[in-house]
Amino acid sequence: MKKKRVWAILIPSALALTLAAGARVQDAMAYFTSYASAQGRVQVGLSFSETETGDDVSDWTKHISVLNTGTVPCYVRVKVLVSERYGKYVSYSAQVQGSWTLGEDGYWYYGAVLNPGETASELLAALDRTALGQDTENGEEQEFNVIVVQEHTTVLYDDAGNAYADWTMAQADSDAEEG
């Protein structure tokens with residue numbers, strides 16, 4: 001007798017639940033079977049910053065410049081590597097006053113955004129030959145390299161629209177240039 005009573009309650013309850021759920025199935029089916037169409041064409045492309053380093057040498061001065069050959073604006077920095085023995089004979093200056101600043105990490109930072117097709121003003125690394133000649137034995141010629149490592153990073157913008165550089169995302173040029 002008890003089994004009949006349980007079934008008498010369970011079957012109508014299950015039927016009521018099925019009917020209630022069935023009323024919502026139509027909405028769910030409409031959600032999963034709807035579609036949207038669009039017409040037209042959108043070209044999607046990835047833009048990257050690319051740079052080239054120029055470093056001409058004349059009159060014992062290395063003229064370091066960076067050209068943005070990419071399709072987006074970027075920030076650039078360079079590190080000039082000279083052996084410890086000759087480092088004290090090299091002095092640095094900018095072609096345009098204030099355009100390059102030396103950071104605490106040893107990199108020279110170009111202060112402006114470098115737009116596609118633009119070249120940064122030159123950073124000059126000049127060797128003081130007179131002082132070098134006085135410190136070498138019998139004024140003999142010494143051979144040494146000045147290596148330039150150049151990095152760039154795409155310009156990012158904060159919420160207020162101000163440009164900034166994130167050097168944790170820097171892209172280093174694969175070629176370290178010697179001269």
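Quick notes
- A cut-off of 5 Å between modelled amide H atoms, ignoring neighbours fewer than 5 places along the same chain, links Glu50 with Thr69, Gly70, Thr71, Val72.
- Label positions at Ile147 and Leu124, each projected 7 Å from the Cα along the C-beta direction, are separated by 2.6 nm.
- Built amide H within the under 5 Å cut-off of Val66, gap 5+: Gly54, Ala120
- Simple label model, 7 Å out from Cα along Cβ direction - Val113 to Ala163, nm: 0.4
Values in this text are rule-based calculations from the coordinates and carry no lab data. On a predicted model such as this, the values are computed, not experimentally measured, just so you know. With ideal geometry, Cβ positions are generated from the backbone for all residues, glycine too; neighbour counts draw on all protein chains shown.
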